[in-house]
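Notes follow the structure.
The values are calculated or read from the model by the stated rules, or taken from the named source; none is laboratory data. Since we're looking at a predicted model, the values are computed, not measured. All Cβ positions, even for glycine, are placed from backbone atoms using ideal geometry, and neighbour counts span all protein chains on display. Just the protein is used for accessible areas: all its heavy atoms, side chains included, with ligands, DNA and RNA removed. Shrake-Rupley method; radii C 1.70, N 1.55, O 1.52, S 1.80 Å.
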Amino acid sequence: MTDTALYATADRSFARKRLIAFAIPAVILLYLAYVFLAFDIPGLAQRARLDNAQTLMADIYSYKTHVTRDNRSGEVTVAIEGERRGTYPQGQAPDWVSLEGARTVIDLGGGNRVTFLPDAALSFEIAGYGTVTARIDGRQVVADLPEDLPDWVSLSRSRLDLRTPAGRVSLTRNRTEVFRYAFGWELFFFTLDSPYHGVSPAALAFGPQLDPARSNLAGAWADFWGNAMWHHADVAWAIFETILMAFLGTFGAAIVALPLAFLAAKNFAPLRSLRFLFRRIFDFQRGVDALIWTILLSRAFGPGPLTGALAILLTDTGSFGKIFSEALENVDKKQIDGVTSTGAKPVQRYRFGVIPQVTPVLLSQVLYFLESNTRSATIIGAITGGGIGLLLTQAMITQKDWEEVTYYIVLVVLMVMAMDSLSGWLRRRLIRGDDGGH
């Protein structure tokens, strides 16, 4: 080839590389532009409700106390998160609520004060803004507010809603309500009707006995475990159901897939049509996602943790069948021949010549899938009605128990971390034979 031809070839190669270098970014930009328009990003930004997001975030890490007046009877109740178990006894309230006959004064801190006035009226002293007064006039809410309302004020004929950093005030024809946020998950340990509410750990351990019928530690544990607002006992059982779902589904799939894998391995199943059949069965099982199996099985067998375990079993049988058959195709035939030379029967050849070779791969994959299925069982439980997934879904549906949603998510993360550590430790002990201490 002449020098001219070489130069021409080099030029064409360089031109192709430049074209590719410019074409790829251009295609990416066109795709991003399509996504921007197809998913209506500008419209999404307009529909965003940052106030709702702010309320959601506040509910995640804090709790709110409701001070409510029935505008028909004048009765005032104070309840944490509006729960019956979190309701203060009649005539009692936290120190920032003053019950003064027909007038109730609620100090929200920082110069913000709400006063319940007679005849279903209220006044709200807002630091840096002034005082807002409102009342019920006939069947209509009336408030002394400017025509150009601030963003944190919502007013209609039937409702007044004031949202400030100090708290929220709501006035309707039937009731007046004040919400005050405080940091933490209140009543997480004991509800208000427990004698151990507000008692320090030191007083529980070393102080006088608070309940004549039981010791402080035994009573405190019973009231914590049976907390009627946080349901710790039910949550613990739901976590157990989730782990059990993942365990039964994963190990059940491994038990079913191992003998079937021999029928899909070409060195153990010489009949090609048989191998083709079982490999397509494995493809079908793992091709249908566990969530789809969950929906189908829940229609057939009804909701419950066992349905979720069966869904995991069906999907993982396909995955394990493929993995195990490939591991069987790579076994060392010399070890099998050595066992055969001792006069071993076919079952013994498989037991002592094949299984020891594939055991590390099998255990490693099964333990990895167990860890992964622990996460999947949470979502599957939300569909089948079992495990922590069900509690998580129920808390989200209420649109108000976001602190419980956070609690469940934290437990799910801790559960996955624990399963990850456990599976890693088991892999080291069973496969490599060490304890991980070196």
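Scanning region 388-438 for residues that are in contact with a Gly (Cβ under 7 Å, 6 or more places away or on another chain) and either modelled with pLDDT under 85 or open to solvent by 50 Å² or more (accessible area, probe 1.4 Å) (or both) returns LEU390, TRP425, ARG428. When the strands (runs of 3 or more DSSP E) confined to region 62-152 are screened for residues that are free of Cβ contacts under 8 Å to residues at least 40 places away in the same chain and either charged (D, E, K, R) or surrounded by 11 or more Cβ atoms within 10 Å (Cβ to Cβ) (or both), those reaching at least 1 such residues are found at 76-80, 97-100, 103-109, 112-117, 121-126, 130-137, 140-143.
Identify, by number, the condition in (1) in contact with a helix residue (DSSP H, G or I) (Cβ under 9 Å, 6 or more places away or on another chain); (2) open to solvent by 40 Å² or more (accessible area, probe 1.4 Å); (3) modelled with pLDDT under 80 that GLY385 doesn't meet. Result: GLY385 passes all but (2).
If the condition is being open to solvent by 60 Å² or more (accessible area, probe 1.4 Å), of a type outside the set (A, V, I, L, M) and in contact with a Gly (Cβ under 9 Å, 6 or more places away or on another chain), then region 300-331 contributes only PRO303.
Is there a residue in region 348-371 that is farther than 30 Å from ASN267 by Cβ, open to solvent by less than 70 Å² (accessible area, probe 1.4 Å) and in contact (Cβ under 8 Å) with a residue 24 or more places away in the chain? Steps first, please.
Start the filter on region 348-371 by keeping residues that are farther than 30 Å from ASN267 by Cβ, which leaves 371.
Filter once more, keeping what is open to solvent by less than 70 Å² (accessible area, probe 1.4 Å): 371.
Right, trim to in contact (Cβ under 8 Å) with a residue 24 or more places away in the chain and you get 371.
Yes, region 348-371 contains at least one residue that is farther than 30 Å from ASN267 by Cβ, open to solvent by less than 70 Å² (accessible area, probe 1.4 Å) and in contact (Cβ under 8 Å) with a residue 24 or more places away in the chain.
The residue pairs whose first member lies in region 291-303 and is in contact (Cβ under 8 Å) with a residue 40 or more places away in the chain and outside any helix (DSSP H, G or I), whose second member is β-branched (Val, Ile, Thr) and open to solvent by less than 30 Å² (accessible area, probe 1.4 Å), and whose beta carbons are closer than 7 Å, counting only pairs six or more residues apart or on different chains, are PRO303/THR384. Per this entry, GLY130 is counted among residues that are over 22 Å from ASP70 (Cβ atoms) and among the small types (Gly, Ala, Ser). Looking at region 153-183 only, could you name the residues that are over 19 Å from ALA121 (Cβ atoms) and free of Cβ contacts under 8 Å to residues at least 40 places away in the same chain? Once the filter is applied, which keeps residues that are over 19 Å from ALA121 (Cβ atoms) and free of Cβ contacts under 8 Å to residues at least 40 places away in the same chain, region 153-183 yields only PRO165.
Looking at the structure I just gave you, is ALA253 in a helix (DSSP H, G or I), crowded, with 17+ Cβ neighbours inside 10 Å and either small (Gly, Ala, Ser) or touching a residue at least 60 places away in the same chain (Cβ under 8 Å) (or both)? For ALA253, the condition - in a helix (DSSP H, G or I), crowded, with 17+ Cβ neighbours inside 10 Å and either small (Gly, Ala, Ser) or touching a residue at least 60 places away in the same chain (Cβ under 8 Å) (or both) - is met.
Just to be sure, is LEU155 touching a strand residue (DSSP E or B) at 6+ places or on another chain (Cβ under 8 Å) and surrounded by 15 or more Cβ atoms within 10 Å (Cβ to Cβ)? Answer is yes for this residue. Check off (1) touching a Gly at 6+ places or on another chain (Cβ under 7 Å); (2) part of a helix (DSSP H, G or I) for THR359 and give me the number that stays unchecked. Going through the list (1) touching a Gly at 6+ places or on another chain (Cβ under 7 Å); (2) part of a helix (DSSP H, G or I), THR359 breaks only (1). Provide a single number: the residues in region 198-250 that are aliphatic (A, V, I, L, M) and buried (at least 17 other Cβ atoms within 10 Å of the Cβ). Qualifying residue count, region 198-250: 10.
One residue stands out in region 176-197 among those that are within 22 Å of ALA58 (Cβ to Cβ) and more than 29 Å from the chain's Cα centre (by Cα): the one that is most open to solvent (accessible area, probe 1.4 Å), namely GLU177.
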